[in-house]
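Each remark here refers to the structure printed beneath this line.
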Amino acid sequence: MITEEQIRISLEKVYVPQLERSVIDLNLVRKITIVEKQVTVTLASTALSAEAQEFVKAGVQAALQSIKITDVLVEFVEAKPGELNEVKNIIAVMSGKGGVGKSLVTALLAIALRRHGNEVGILDADITGSSIPRMFGINTRPVGSDSGLMPVLSESGIELMSMNLLLPREDSAVIWRAPLMSKAIGQFWTDVLWGKLDYLLIDLPPGTADAPLTVMQSLPISGVVIVSTPQGLVEMIVKKAVNMAQTMKKPILGVVENMSYFYVPEINKRYELFGASKGEALAKVAQAPLLGQIPIDPELARLCDNGDIEHYTGDSIGTLGKALMTVMATKEGKA
């Protein structure tokens with residue numbers, strides 16, 4: 001006799017159009033009922049257009065027929081994205097200072113985590129200064145329905161949602177007051193079908209005001225990654241972000257120092273162009289580990305400009321991913 005587990009395994013092959021993730025990965029399967037030889041699969045219609053629903057319905061029927069189930073009934077029920085999203089770890093990437101590379105660090109962390117087999121998403125909360133889609137070479141508009149939006153999938157399978165993907169042009173200005181920006185960030189969490197994710201990284205705008213406050217108060221943050229650079233002035237301002245996270249009682253998972261040095265392979269020498277590293281000192285203040293130091297790398301800059309950041313192979317990307325996963329495993333009591 002067929003079992004529910006066998007049916008769920010079969011449904012892992014049923015993909016949702018545009019997103020290329022299965023109905024299982026998106027947590028759309030609400031109920032499976034087996035009555036004698038008839039199987040009824042109840043799916044959430046969240047973010048699915050009428051055409052997408054028909055596509056998914058046909059996929060479910062074909063998948064079950066492949067395991068010798070001929071009497072298949074597919075039903076759809078309404079559900080909000082928030083009822084379906086199951087994200088194990090939500091990590092905010094922040095800094096009190098602009099221009100330190102929060103978006104770059106967010107992207108590199110996401111890529112590193114994805115390369116280790118994790119399901120990863122990026123919520124771009126930098127509403128007025130979005131750069132995540134450009135780094136990933138994405139200009140596809142998100143699809144969905146009145147019940148929600150689907151994120152856009154990157155080349156390596158990272159889910160992305162950004163204000164720049166909703167604008168008529170990537171250089172269109174978002175001229176909003178703080179309450180509107182905070183509302184948009186909240187909607188990127190509540191109205192987007194993220195599905196089942198191991199990690200959702202949130203790229204925060206600089207500062208410690210409305211946007212970071214909205215994320216800290218409204219989302220179930222697992223922890224914060226602080227981004228800094230070696231300059232003394234930056235260190236002073238970044239400490240404000242550290243103080244904010246500590247005040248909000250959000251765990252600081254680690255510190256990443258960007259633009260830490262410039263390496264010249266021909267002479268095997270490192271140059272600290274912005275002064276001596278302050279990463280360890282800042283990590284001590286944050287009472288968290290130094291996750292990594294990212295060098296000034298012309299190749300990385302070129303890939304970002306060309307939308308090919310997922311092709312980066314520098315040593316720092318592997319270091320960041322392993323360090324963050326170690327911290328998370330320790331936090332969960334698995335190490």
Report task. Return a yes/no flag: does region 144-159 have any residue that is closer than 24 Å to HIS311 by Cα, hydrophobic (A, V, I, L, M, F, W, C) and either at pLDDT below 95 or not in a loop (DSSP other than H, G, I, E, B) (or both). Result -> yes
Query raised in the report: Does region 257-272 include one or more residues that are of a type outside the set (Asp, Glu), touching a residue at least 60 places away in the same chain (Cβ under 8 Å) and closer than 30 Å to ASN139 by Cβ?
Result: yes
Report task. Keeping to region 165-204, report how many residues are among the hydroxyl-bearing types (Ser, Thr, Tyr) and either modelled with pLDDT of 95 or more or not assigned by TED's automatic domain parsing to the domain that holds SER222 (or both). Result -> 1
Query - Inter-residue pairs, beta-carbon under 6 Å, first closer than 17 Å to TYR199 by Cα and in region 94-123, second of a type in the set (Ser, Thr, Tyr), 6+ apart - result: LYS102/SER95; SER103/SER131; LEU113/TYR199; ARG114/SER156; ASN118/TYR199; VAL120/TYR199
Query raised in the report: Within region 26-48, restricting attention to residues that are assigned to a loop (DSSP other than H, G, I, E, B) and crowded, with 17+ Cβ neighbours inside 10 Å, which residue is nearest to the chain's Cα centre (by Cα)?
Result: LEU26
Requested in this report: Answer with yes or no whether GLN18 is over 15 Å from the mean Cα position of the chain (by Cα), surrounded by fewer than 20 Cβ atoms within 10 Å (Cβ to Cβ) and within 25 Å of MET135 (Cα to Cα).
Outcome: yes
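Matching residues to (1) surrounded by 17 or more Cβ atoms within 10 Å (Cβ to Cβ); (2) over 15 Å from ALA184 (Cβ atoms); (3) not hydroxyl-bearing (Ser, Thr, Tyr):
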position: ASN118; (1), (2), (3): yes, yes, yes
position: THR128; (1), (2), (3): no, no, no
position: ASP146; (1), (2), (3): no, yes, yes
position: VAL152; (1), (2), (3): yes, yes, yes
position: ILE158; (1), (2), (3): yes, yes, yes
position: ASN164; (1), (2), (3): yes, no, yes
position: GLU170; (1), (2), (3): no, yes, yes
position: ALA173; (1), (2), (3): no, no, yes
Query raised in the report: Within region 318-335, can one find any residue that is without any contact (Cβ under 8 Å) to a residue 60 or more places away in the chain, surrounded by fewer than 12 Cβ atoms within 10 Å (Cβ to Cβ), in a helix (DSSP H, G or I) and not aromatic (Phe, Trp, Tyr)?
Result: yes
Query raised in the report: Of these, SER103, SER147, which one is hydroxyl-bearing (Ser, Thr, Tyr) and farther than 23 Å from GLN18 by Cβ?
Result: SER103
Query raised in the report: With region 56-131 as the region, which strands (runs of 3 or more DSSP E) entirely inside it contain at least 1 residues that are on the phi < 0 side of the Ramachandran plot, among the acidic types (Asp, Glu) and more than 14 Å from the chain's Cα centre (by Cα)?
Result: 71-77
Query - Residues of region 206-250 satisfying the condition of being out of contact with any Ser or Thr (no Cβ under 7 Å at 6 or more places or on another chain), in a loop (DSSP other than H, G, I, E, B) and not small (Gly, Ala, Ser) - result: THR208, LEU219, PRO220, ILE221, THR229, GLN231, MET248, LYS249, LYS250
Requested in this report: Among the residues of region 266-324, count how many are more than 27 Å from LEU233 (Cα to Cα), among the charged types (D, E, K, R) and in contact with a helix residue (DSSP H, G or I) (Cβ under 7 Å, 6 or more places away or on another chain).
Outcome: 1
Report summary line: The residue from PRO298, PRO265, PRO230, PRO206 that alone is out of contact with any Pro (no Cβ under 8 Å at 6 or more places or on another chain), crowded, with 17+ Cβ neighbours inside 10 Å and over 30 Å from ASN85 (Cα atoms) is PRO230
Query raised in the report: Is region 18-36 home to any residue that is acidic (Asp, Glu), modelled with pLDDT of 95 or more and over 30 Å from GLY307 (Cα atoms)?
Result: no
Query - Qualifying positions in region 251-265 - within 22 Å of MET236 (Cβ to Cβ) and not in a strand (DSSP E or B) - result: ASN258, MET259, SER260, TYR261
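The values are calculated or read from the model by the stated rules, or taken from the named source; none is laboratory data. Just so we're clear, the structure is a prediction, and the values are computed from it rather than from any experiment. All Cβ positions, glycine included, derive from the backbone under ideal geometry; neighbour counts span all protein chains shown.
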